[in-house]
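> Below is the structure I would like to discuss, written out as structure tokens.
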Amino acid sequence: NGGTLSVKGTSDDLIASVETALHQVKAPREIDRNEVIINPDVLTKQVIDTSIPAEMRENLGQYSFGYQGATVYYRDNKGIRVGTKTEEISYYVDEEGNFKAWDTKHSQKQIDRFNSLEVTDNTALDVYVTDDAAKRGQFKGYYKKTVFYEAPLSDKEVARIKGMVD
């Protein structure tokens, strides 16, 4: 089904924690389409972004790249991204949400790039903060915060994508 099982150890016995988690996994439920009620009062308003060429808007398939000139377009489930990609960065915060430290998996170059984009919680694509603080290690007592954001494609990435599209 493509799901991911995340296990948060509550004791030193990892095998017991994994077994407990596996017992909580349920198979996906089938829903009869006749049981789905669509409220006729709910309407969607389509907004057309005229900055995206009509050819791209009309012909770019779901989860596909295309380009026109030097601009790369990518259609995902939310719309068409223009010359950008989704990136994520993680760092640790205290109970009040104050920054404490970067996750050690990120290079200084990634951190500098994130800072230069001046991403805030409001401008980020998505923000996730763990419910529980880290229980051990150098970040003990802090919460891990992961920010998903849009970043411009590099010239090298643009060239690589154009090569795949052609």
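The values are calculated or read from the model by the stated rules, or taken from the named source; none is laboratory data. No experiment lies behind these values; they were computed from the predicted model shown. When we count neighbours, we look across all protein chains shown, and the Cβ atoms used for this are built from the backbone with ideal geometry, even at glycine.
> Could you tell me whether any residue of segment 35-58 is more than 25 Å from the chain's Cα centre (by Cα) and within 24 Å of residue 160 (Cβ to Cβ)?
Looking for residues that are more than 25 Å from the chain's Cα centre (by Cα) and within 24 Å of residue 160 (Cβ to Cβ), one finds at least one in segment 35-58, hence yes.
> Of 156, 105, 85, 145, which residue is within 18 Å of the chain's Cα centre (by Cα), exposed (fewer than 10 other Cβ atoms within 10 Å of the Cβ) and either closer than 30 Å to residue 11 by Cα or of a type outside the set (Val, Ile, Thr) (or both)? Talk me through it step by step, then tell me what you get.
Values: 156 fails: within 18 Å of the chain's Cα centre (by Cα); 85 fails: exposed (fewer than 10 other Cβ atoms within 10 Å of the Cβ); 145 fails: exposed (fewer than 10 other Cβ atoms within 10 Å of the Cβ).
Within the list 156, 105, 85, 145, the selection yields 105.
> I'd like the full set of residues that are of a type in the set (Asp, Glu) and under 18 Å from residue 150 (Cβ atoms), limited to segment 60-114.
Of the residues in segment 60-114, the ones of a type in the set (Asp, Glu) are 76, 87-88, 94-96, 103, 112.
Of everything in segment 60-114, those that are of a type in the set (Asp, Glu) and under 18 Å from residue 150 (Cβ atoms) turn out to be 76, 87, 88, 112.
> Could you list, in sequence order, all residues of segment 91-131 that are among the β-branched types (Val, Ile, Thr) and touching a strand residue (DSSP E or B) at 6+ places or on another chain (Cβ under 7 Å)? Spell out the reasoning first.
Just the residues of segment 91-131 that are among the β-branched types (Val, Ile, Thr), to begin with: 93, 104, 111, 119-120, 123, 127, 129-130.
The answer is 93, 111, 119, 127, 129, 130.
> Filter segment 1-35 down to the residues that are among the hydrophobic types (A, V, I, L, M, F, W, C) and at pLDDT below 75, then identify the one that is nearest to residue 133 (Cα to Cα).
Across segment 1-35, the extreme among qualifying residues is 7.
> Also, quick follow-up: Residues that are over 28 Å from residue 158 (Cβ atoms) and free of Cβ contacts under 8 Å to residues at least 24 places away in the same chain, at least 1 per element: which strands (runs of 3 or more DSSP E) completely within segment 64-145 meet that?
Of the strands (runs of 3 or more DSSP E) lying wholly inside segment 64-145, those with at least 1 residues that are over 28 Å from residue 158 (Cβ atoms) and free of Cβ contacts under 8 Å to residues at least 24 places away in the same chain span 99-102, 126-129.
> Right, next: Under 8 Å between Cβ atoms, at least 6 apart or on separate chains: pull out the pairs that start in segment 46-59 with a residue that is more than 17 Å from residue 76 (Cβ to Cβ) and surrounded by 10 or more Cβ atoms within 10 Å (Cβ to Cβ) and end on any residue that is modelled with pLDDT of 85 or more and not aliphatic (A, V, I, L, M).
From segment 46-59, the pairs are 53/68; 55/68.
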